[in-house]
Amino acid sequence: MKYEVFLTTDAEEDIFEIYEYVALHDSVGKADTLLKKLKETCDSL
């Protein structure tokens, strides 16, 4: 059964901060991949 997932504003800000951290300390490509996988995971719920 699939569920509709809603992210709170705080959760969205946390995800963006994680993205920025990975982009700054590793690479933008890896940050993009991480963001894509997080979105895919939320969409699969």
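Summary of computed values
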read-out: Count of residues meeting criterion [of a type in the set (Lys, Arg) and within 10 Å of the chain's Cα centre (by Cα)] in the chain; value: 3
read-out: Matching residues, segment 1-15, being part of a loop (DSSP other than H, G, I, E, B) and surrounded by fewer than 10 Cβ atoms within 10 Å (Cβ to Cβ); value: Met1, Lys2, Tyr3, Glu4, Phe6, Thr8
read-out: Inter-residue pairs, beta-carbon under 8 Å, first at negative phi and in contact (Cβ under 8 Å) with a residue 60 or more places away in the chain and in segment 8-31, second surrounded by 11 or more Cβ atoms within 10 Å (Cβ to Cβ) and in a helix (DSSP H, G or I), 6+ apart; value: none
read-out: Subset of segment 21-45 [loosely packed, with under 11 Cβ neighbours inside 10 Å and not β-branched (Val, Ile, Thr)]; value: Leu24, His25, Gly29, Lys36, Lys37, Glu40, Asp43, Ser44, Leu45
read-out: Residue within segment 25-43 that is in contact with a Cys (Cβ under 8 Å, 6 or more places away or on another chain), of a type in the set (A, V, I, L, M) and modelled with pLDDT under 95 present; value: no
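The values are calculated or read from the model by the stated rules, or taken from the named source; none is laboratory data. Just so it is clear, the model here is predicted, and its values are computed rather than measured. For neighbour counting, all protein chains shown are included, and Cβ atoms are generated from backbone atoms with ideal geometry for every residue, glycine included.
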